[in-house]
Amino acid sequence: MSIITIERKVLQKNDEVARRNRALFFSHGTFAINLVSSPGSGKTSILERTLQQLKGELKVAVIEGDIQTDLDARRIASLGAPVVQIVTNGSCHLEAKLVEDALSNLDLAQVQLLIIENVGNLVCPANYDLGEAVKVVVASTTEGDDKPLKYPAMFRNATVLMINKIDLLPYVDCNLEQLKKNALSINPGLTIFETSCVTKEGLEGWCAWLRSKMIFVGRS
Ligand code: MG
Ligand code: ZN
């Protein structure tokens, strides 16, 4: 029973810091996204494509959460976007405090869209609010169609579902309609995009959604 109590205290403390982060984002007119998925779903590839599509149009910055390496951050930095790396040293999720610390390396006045790439994990990131406006969950076709049923908390807390690697559908054991049905049974309000970072299918719709969110963010 004491474990439950400790977990609750940790989450309460996290929520306090997340509230501070959210207030900071709001005061700078920064739209913040918490990008979550299992390992290997293509979060970093989606980020790369998104940065390429929005280049010269929106000011985008990235916070990269990784367990051990800065490989993904290097990929993002090569595209010219401001990127801050968080290495969690084994921890399987980002916490609000880690994001708060990372923010001291960014000039939020110059950031309209902040994308926080979480550690690849569909379990605990569902419980750790980082102060984001929305969680975007990525599920790739290579993972099959039952992810929403296995990890309902994450899909319930997400605003957007990106079904990625749509180009591989003919080759993998994934029923696209069933995947969408499973996701919507958990969260009927999900906005769904079907994307491929290889063929670039669906990325324009995703970027249009991002642009539409900029309208609602009041610039300071
Ligand atoms: Mg990655
Ligand atoms: Zn974790």
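As a length-normalised measure over Cα pairs under 8 Å and 6 or more apart, the relative contact order of segment 7-149 settles at 42 percent. Distance between the 7 Å Cα→Cβ label points at Asp167 and Thr69: 2.2 nm.
Taking the inverse of the mean reciprocal distance over all distinct Cα pairs, the Kirkwood hydrodynamic radius of segment 2-215 comes to 17.4 Å.
Projected label points at Asn89 and Thr5, each 7 Å from Cα along the beta carbon direction, are separated by 2.8 nanometres.
Would you mind calculating the gained length between Glu57 and Glu16 on full extension (0.36 nm times residue separation, minus the Cα-Cα distance), in nm to one decimal? In short, 11.4 nm is gained.
Work through the residues other than Thr195 whose Cβ is under 15 Å from its Cβ and net out their charges, Lys, Arg +1 and Asp, Glu -1.
On the way: positive: Lys43, Arg49, Lys165, Lys180, Lys200; negative: Glu48, Glu143, Asp167, Glu194, Glu201, Glu204.
So the surrounding residues net to -1.
Ranked from largest, the principal axis spans of the Cα set of segment 97-220 equal 46, 30, 24 Å. For the options Glu100, Glu64, Glu177, a Gaussian network treatment of the chain with springs between C-alpha atoms closer than 10 Å singles out Glu177 as fluctuating the most. Between the amide H of Gly29 and those of Ser220, distances stay under 5 Å, these residues lying 5 or more places away or on another chain, with hydrogens modeled in the peptide plane. Put simply, the convex hull of the Cα atoms in segment 1-105 casts, on average, a shadow of 7.6 nm². The Lys150 and Ser78 beta-carbon pair, evaluated with R₀ = 35 Å, returns a calculated FRET efficiency of approximately 0.55.
Around Arg22, under 12 Å between beta carbons, what's the net of Lys plus Arg minus Asp minus Glu among the other residues?
Details: positive: Arg19, Arg20; negative: Asp15, Glu16, Glu100, Asp129, Glu132.
Cβ neighbours under 12 Å give a net charge of -3.
Checked against a 20 Å cut-off, the cross-linked pairs Lys135/Lys180; Lys13/Lys97; Lys43/Lys147; Lys55/Lys135; Lys59/Lys213 give Cα-Cα distances beyond that limit for Lys55/Lys135. Each residue, Asn175 and Lys200, gets one label point 7 Å from its Cα in the Cβ direction; the gap between the two is 3.4 nm.
Based on DSSP H runs of at least 4 residues, each adding -39500 (n - 2.57), what is the mean residue ellipticity at 222 nm of the chain after dividing by all its residues, to the nearest 500 deg cm²/dmol? Walk me through the intermediate numbers first.
Values: 8 runs with 87 residues, N = 220.
When only DSSP H runs of four or more count, the value is -12000 deg cm²/dmol.
Which order do peptides 79-87, 27-35, 9-17 fall in by mean Cβ count within 10 Å, highest first? Walk me through the intermediate numbers first.
Numbers: 79-87: 18.6, 27-35: 21.6, 9-17: 13.9.
Ranked from most to least packed, the peptides come out as 27-35, 79-87, 9-17.
Here the contact order of segment 28-91, divided by its residue count and restricted to Cα pairs under 8 Å and six or more residues apart, works out to 31 percent.
Just so you know, all these numbers are worked out from the coordinates, no wet-lab data involved. What you see is a predicted model; the values in this text were computed from it and never measured. Cβ sites come from the backbone with ideal geometry, for glycine too, and all protein chains shown count toward neighbours.
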